[in-house]
1. Residue 177 - would you say it is modelled with pLDDT under 95, of a type outside the set (Asp, Glu) and on the phi < 0 side of the Ramachandran plot?
2. For region 14-31: of the residues being modelled with pLDDT of 95 or more and surrounded by fewer than 21 Cβ atoms within 10 Å (Cβ to Cβ), which is farthest from the chain's Cα centre (by Cα)?
3. Whether any residue in region 41-48 is in a helix (DSSP H, G or I) and at negative phi is what I want to check.
4. Among the residues of region 414-431, are any surrounded by 22 or more Cβ atoms within 10 Å (Cβ to Cβ) and under 22 Å from residue 196 (Cβ atoms)?
5. Within region 326-371, restricting attention to residues that are hydroxyl-bearing (Ser, Thr, Tyr) and open to solvent by less than 50 Å² (accessible area, probe 1.4 Å), which residue is farthest from residue 204 (Cα to Cα)?
6. May I ask you to list pairs of residues, at least six apart or on different chains, whose Cβ atoms are under 9 Å apart, with the first in region 386-406 being without any contact (Cβ under 8 Å) to a residue 60 or more places away in the chain and the second being open to solvent by 60 Å² or more (accessible area, probe 1.4 Å) and hydroxyl-bearing (Ser, Thr, Tyr)?
7. Quick one: residue 386 ticks every box in (1) open to solvent by 70 Å² or more (accessible area, probe 1.4 Å); (2) outside any loop (DSSP other than H, G, I, E, B); (3) of a type outside the set (A, V, I, L, M) bar one, so which box is it?
8. When you check residue 106 against the structure, is it modelled with pLDDT of 95 or more, under 12 Å from residue 172 (Cα atoms) and not in a loop (DSSP other than H, G, I, E, B), yes or no?
Amino acid sequence: MKNPKFEFYLDTLNGKKIAVLGLGVSNMPLIELFSKKGAIVIGCDKRQKEAFDKKTLDILTKNTTALYLGDDYLDHFDGCDIIVKTPGIHPDIEPLKKARENGASITSEMEMFFLVCPCKIIAITGSDGKTTTTTLISEILKEDGKKVFVGGNIGTPLFDKAGDMDANDYVVVELSSFQLQCMSESAPISVVTNVAPNHLDYHKDMDEYTNAKKNIFLNQKDDGKLIINMENEITNSFEKEANGKVVKFSLKQRPKDGAYLQDGKIYYNDEFIMNEKDIRIPGIHNVDNFLAAISATYDIVKKSSIVKVAKNFGGVAHRLEFIRETNGVKFYNDSIASSPTRTTAGLKSFDEKVILIAGGYDKKIPFDGFGKIIKEKVKCLVLVGDTKDKIKAEVEKEFNGEDLIPVIMANDFEYAVKSAYAVSEKGDTVLLSPACASFDMFKNFEERGNTFKSIVLSL
């Protein structure tokens with residue numbers, strides 16, 4: 001066992017009654033671990049039994065003393081010592097408040113991981129760009145010969161892997177506002193790419209969302225490092241609340257300490273790192289992501305490792321991912337873009353006007369000003385999903401009586417993609433960049449992006 005802290009923590013769970021709330025990817029590995037250590041484990045999930053595959057059900061049946069599925073899954077916390085909740089469940093819902101009052105500790109897979117992790121953690125959050133930045137940081141560390149574990153909101157649970165980690169390893173973890181909301185630990189190196197309105201269907205208001213993001217650094221020690229976007233007003237304001245060193249990155253200015261772009265060249269303080277054109281993935285927002293990654297790794301790796309990743313890294317799936325060219329029409333999948341700011345960044349990556357497919361689940365975030373970038377960068381707009389009327393109204397307001405670009409209102413996703421192709425001409429670009437979450441039609445943005453790819457490849 002490389003990490004005795006992990007084993008000790010598991011030993012403390014013997015005889016404890018633990019409710020695992022939400023039986024998804026991050027929580028399932030916990031069921032067997034807790035059971036083997038003598039905990040009394042109950043499983044709770046709003047999904048019915050039919051939603052689980054046989055392998056999962058076998059694990060649950062073998063390792064839980066009770067399984068509560070369906071509408072009453074929140075009604076069984078009596079006597080629980082610990083409740084491990086999935087990130088998507090708000091900590092202030094009434095059943096959890098009541099359980100807390102009755103002495104239960106409410107935690108999460110990620111909070112427990114921070115307690116047992118033996119090595120240095122680099123944590124990344126932000127409204128946009130956090131997955132690409134997380135991936136860049138991990139690739140730079142790997143290129144430099146470090147042993148790296150990557151996880152969190154990027155899709156991989158980490159707690160069950162903590163036993164295989166030692167002090168010389170690195171963990172790069174992407175954290176959502178959901179995961180951060182109750183965090184009482186902060187990573188020694190924390191990156192905030194930006195903060196803009198997002199997930200206001202979950203959070204009570206923008207203040208709650210912003211305060212959740214702050215937990216990535218508020219509990220840092222004096223030797224901690226906070227890396228923030230100088231050009232984002234909200235993140236730049238975090239400096240005054242930081243306990244340790246503050247490093248900034250900027251596309252427009254030279255920070256006192258950090259990475260920046262100047263005349264097509266990228267620097268960290270006075271040191272030239274590389275040319276902007278060395279970065280293989282397109283878009284000025286990806287230059288921003290690289291500046292964040294450089295700021296996080298500059299003191300840890302050789303400069304050559306940063307440059308090599310810049311020249312070879314082709315991007316992350318569903319993030320301005322080139323799919324194919326057919327009959328002179330190029331298709332790009334930017335399904336990760338679940339906010340107007342993310343879609344705006346994607347649109348700015350193209351010199352020409354594009355055919356944009358947008359719309360989806362309504363996260364209750366405003367589309368104010370979204371019509372401006374559409375007027376500037378879109379030649380035809382295809383709208384689909386719950387927000388299609390909301391986006392159309394914002395676009396019409398921007399045009400304000402001028403000739404409106406063609407707007408196609410689609411009733412289903414396949415029709416939207418095929419309509420975009422039908423109106424395209426040789427030399428056009430079709431971009432899926434929804435500016436909205438996917439939950440009105442899909443399980444997640446990956447399923448939406450994969451469906452888009454499948455339709456495009458069948459054209």
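The values are calculated or read from the model by the stated rules, or taken from the named source; none is laboratory data. Values in this document were obtained by computation on a predicted structure and should not be read as measured data. We place every Cβ from the backbone using ideal geometry, glycine too, and count neighbours over all the protein chains shown. Surface areas here come from the heavy atoms of the whole protein model, side chains and all, with no ligands, DNA or RNA. Shrake-Rupley method; radii C 1.70, N 1.55, O 1.52, S 1.80 Å.
1. Yes.
2. Among them, the one singled out is 15.
3. Scanning region 41-48 turns up no residue that is in a helix (DSSP H, G or I) and at negative phi.
4. yes
5. Let us first name the residues in region 326-371 that are hydroxyl-bearing (Ser, Thr, Tyr), namely 326, 332, 335, 338-339, 341, 343-344, 349, 361.
Then drop every residue that is not open to solvent by less than 50 Å² (accessible area, probe 1.4 Å), which leaves 326, 332, 335, 338-339, 343-344, 349.
Values: 326: 45, 332: 34, 335: 26, 338: 19, 339: 18, 343: 24, 344: 25, 349: 33 Å.
The selected residue is 326.
6. These pairs meet every condition: 386/361; 387/361.
7. Among (1) open to solvent by 70 Å² or more (accessible area, probe 1.4 Å); (2) outside any loop (DSSP other than H, G, I, E, B); (3) of a type outside the set (A, V, I, L, M), residue 386 violates only (2).
8. It is false that residue 106 is modelled with pLDDT of 95 or more, under 12 Å from residue 172 (Cα atoms) and not in a loop (DSSP other than H, G, I, E, B).
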